[in-house]
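*Asks:* Here it is: the structure, laid out below.
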Amino acid sequence: MHKPSEKLAPTPPRPLPENIPSVQPGGGWVYRLELAWGRLRRWYLRHFRPGYVKRMAQLRQGSCQGAPHEVLDPRDLKYICNRCDCHWPPEHDPFRWRERLPFARWGLAELQVFSYPLLAAGAGLLWLGGPWAWGAVVPWGLAGLVISFFRDPPRRVPAEPGVVVSPADGKVVVLEELEQHEWIGGPAVKIGIFLSIFNVHLNRSPEKMRCIALEYSPGEFRNALDPRSADVNESMTLLLESPQEPYRRMVVRQICGAIARRIVCAVRPGQVLERGEKFGMIKLGSRTELLLPREPGLQVLVKLGQRVQAGSTPVARYEEGEDA
């Protein structure tokens, strides 16, 4: 926590660690399937649509330096947008419509891979008729659960100054005072949120923040309700700092659970996130932690057991005029 006598200055971003090769560092077989499809798609575009490739290269902005493969169109940035800063303006992105889908863009592949066979199996049982038709309830119910898991409902983000919103959907299971936190630089408040398989699993920025560093820790996959999971499970830690004085620091941790084993964090060091902006997700039940600096002007607005929604539920408020 900054002292009044300290000269405030923004913190320079740190390089992306070597153990974060993509926005989903834990991998996964669906992830590998998408990467293989990307290689095939780029081969097709180079050989059969050279005009499209040339036009997209002319419209591309930023640098592709750091990208582990060619970036021919916006689809190639899905898993490597944290490795480079190239992009296409919205008006030149032919796949921008996917952002309007009511499903998480990072989960579209899993949505299709898991739900299509289940829907087809249900249809097959229904076609067989007789007692088999009743069996369609099981695969269709599972398909509905998959579709529900990857949903991305719109959220109304509060605009009041000083408000900190929840970074995740779920139930508040931890409210803890910390005497000292190294990154925050003083006392802190920890808010832990448990996400069941029935919650929306997209993560959102708690405030307008600049990402200073990312820290990925491979680990175990204990039940996210187990307090030890926060220390031993696979996790991604975002060290954040407000882009203007008092350069208040915060921490968001994405923590895997017993079922959720894939963390997505599509942020690169130096990137500024708006309050409530989507920056990643944890695929299936999990846990998210938010650490805030304990300051005289801080009001914690949630209680243990309270249900919260990412981007829309205020979890804390800093009084205006209070220095961090």
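*Asks:* I'm told SER217 meets every condition in (1) over 18 Å from TYR247 (Cβ atoms); (2) at pLDDT 95 or above; (3) hydroxyl-bearing (Ser, Thr, Tyr) except one. Can you identify the failing condition by its number?
*Replies:* (2)
Residues are listed down the side, and each one gets a yes or a no for (1) on the phi < 0 side of the Ramachandran plot; (2) in a loop (DSSP other than H, G, I, E, B); (3) β-branched (Val, Ile, Thr):
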position: ASN19; (1), (2), (3): yes, yes, no
position: SER22; (1), (2), (3): yes, yes, no
position: ARG42; (1), (2), (3): yes, no, no
position: LEU45; (1), (2), (3): yes, no, no
position: VAL53; (1), (2), (3): yes, no, yes
position: HIS69; (1), (2), (3): yes, yes, no
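*Asks:* In addition: Counting only residues that are at pLDDT 85 or above and surrounded by fewer than 24 Cβ atoms within 10 Å (Cβ to Cβ), which one in the range 253-262 is nearest to PRO218 (Cα to Cα)?
*Replies:* Within the range 253-262, the match that is nearest to PRO218 (Cα to Cα) is ARG262.
*Asks:* Mind checking which residues of the range 179-238 are β-branched (Val, Ile, Thr) and out of contact with any Lys or Arg (no Cβ under 8 Å at 6 or more places or on another chain)?
*Replies:* Those that are β-branched (Val, Ile, Thr) and out of contact with any Lys or Arg (no Cβ under 8 Å at 6 or more places or on another chain): ILE191, ILE197.
*Asks:* Looking at the range 125-147 only, could you name the residues that are in a helix (DSSP H, G or I) and more than 23 Å from VAL30 (Cβ to Cβ)?
*Replies:* LEU125, LEU126, TRP127, LEU128, PRO131, TRP132, ALA133, TRP134, VAL137
*Asks:* I need the full set of residues from the range 268-296 which are more than 14 Å from PRO167 (Cα to Cα) and either of a type outside the set (Gly, Ala, Ser) or surrounded by fewer than 22 Cβ atoms within 10 Å (Cβ to Cβ) (or both), in order please.
*Replies:* Listed by number, the residues that qualify are ARG268, PRO269, GLY270, GLN271, VAL272, LYS283, LEU284, PRO293, ARG294, GLU295, PRO296.
*Asks:* Only one of MET236, MET250 is touching a Cys at 6+ places or on another chain (Cβ under 6 Å), surrounded by 19 or more Cβ atoms within 10 Å (Cβ to Cβ), part of a strand (DSSP E or B) and in contact (Cβ under 8 Å) with a residue 60 or more places away in the chain; which?
*Replies:* MET236
*Asks:* Within the range 90-116, which residues are in contact with a Pro (Cβ under 8 Å, 6 or more places away or on another chain) and part of a helix (DSSP H, G or I)?
*Replies:* The one that is in contact with a Pro (Cβ under 8 Å, 6 or more places away or on another chain) and part of a helix (DSSP H, G or I): ARG96.
*Asks:* Any residue at all in the range 226-236 that's modelled with pLDDT of 85 or more and under 15 Å from ALA266 (Cα atoms)?
*Replies:* yes
*Asks:* Of GLU176, GLU215, GLU182, which residue is closer than 24 Å to GLY26 by Cα and among the acidic types (Asp, Glu)?
*Replies:* It is GLU215.
*Asks:* Then there is this: Got at least one residue in the range 180-188 being surrounded by fewer than 19 Cβ atoms within 10 Å (Cβ to Cβ), assigned by TED's automatic domain parsing to the domain that holds GLN299 and free of Cβ contacts under 8 Å to residues at least 24 places away in the same chain? Spell out the reasoning first.
*Replies:* Start the filter on the range 180-188 by keeping residues that are surrounded by fewer than 19 Cβ atoms within 10 Å (Cβ to Cβ), which leaves 180, 182-183, 185-187.
If we keep only those that are assigned by TED's automatic domain parsing to the domain that holds GLN299 as well, we get 180, 182-183, 185-187.
Pick out the ones that are also free of Cβ contacts under 8 Å to residues at least 24 places away in the same chain and you get 180, 182.
Yes, there is a match, as at least one residue in the range 180-188 is surrounded by fewer than 19 Cβ atoms within 10 Å (Cβ to Cβ), assigned by TED's automatic domain parsing to the domain that holds GLN299 and free of Cβ contacts under 8 Å to residues at least 24 places away in the same chain.
*Asks:* Any idea which of SER115, SER166 is buried (at least 17 other Cβ atoms within 10 Å of the Cβ), under 17 Å from the mean Cα position of the chain (by Cα) and of a type in the set (Ser, Thr, Tyr)?
*Replies:* Going through SER115, SER166 in turn, just one is buried (at least 17 other Cβ atoms within 10 Å of the Cβ), under 17 Å from the mean Cα position of the chain (by Cα) and of a type in the set (Ser, Thr, Tyr): SER166.
*Asks:* In addition: Only one of (1) at pLDDT below 85; (2) crowded, with 19+ Cβ neighbours inside 10 Å is not met by ASN203, so which one is it?
*Replies:* Condition not satisfied by ASN203: (1).
*Asks:* Taking the condition touching a Gly at 6+ places or on another chain (Cβ under 6 Å) and either at pLDDT below 95 or closer than 30 Å to GLU18 by Cα (or both), does ARG100 pass? Before the answer, list the steps.
*Replies:* On the way: touching a Gly at 6+ places or on another chain (Cβ under 6 Å): no; either at pLDDT below 95 or closer than 30 Å to GLU18 by Cα (or both): yes.
For ARG100, the condition - touching a Gly at 6+ places or on another chain (Cβ under 6 Å) and either at pLDDT below 95 or closer than 30 Å to GLU18 by Cα (or both) - is not met.
*Asks:* Scan the range 35-57 and give yes if some residue there is crowded, with 17+ Cβ neighbours inside 10 Å, under 30 Å from ALA213 (Cα atoms), modelled with pLDDT of 95 or more and touching a Pro at 6+ places or on another chain (Cβ under 8 Å), otherwise no.
*Replies:* no
The values are calculated or read from the model by the stated rules, or taken from the named source; none is laboratory data. Everything numeric in this text was worked out from a predicted model, so none of it was measured. Cβ: placed from backbone, ideal geometry, glycine included. Neighbour counts: every protein chain shown.
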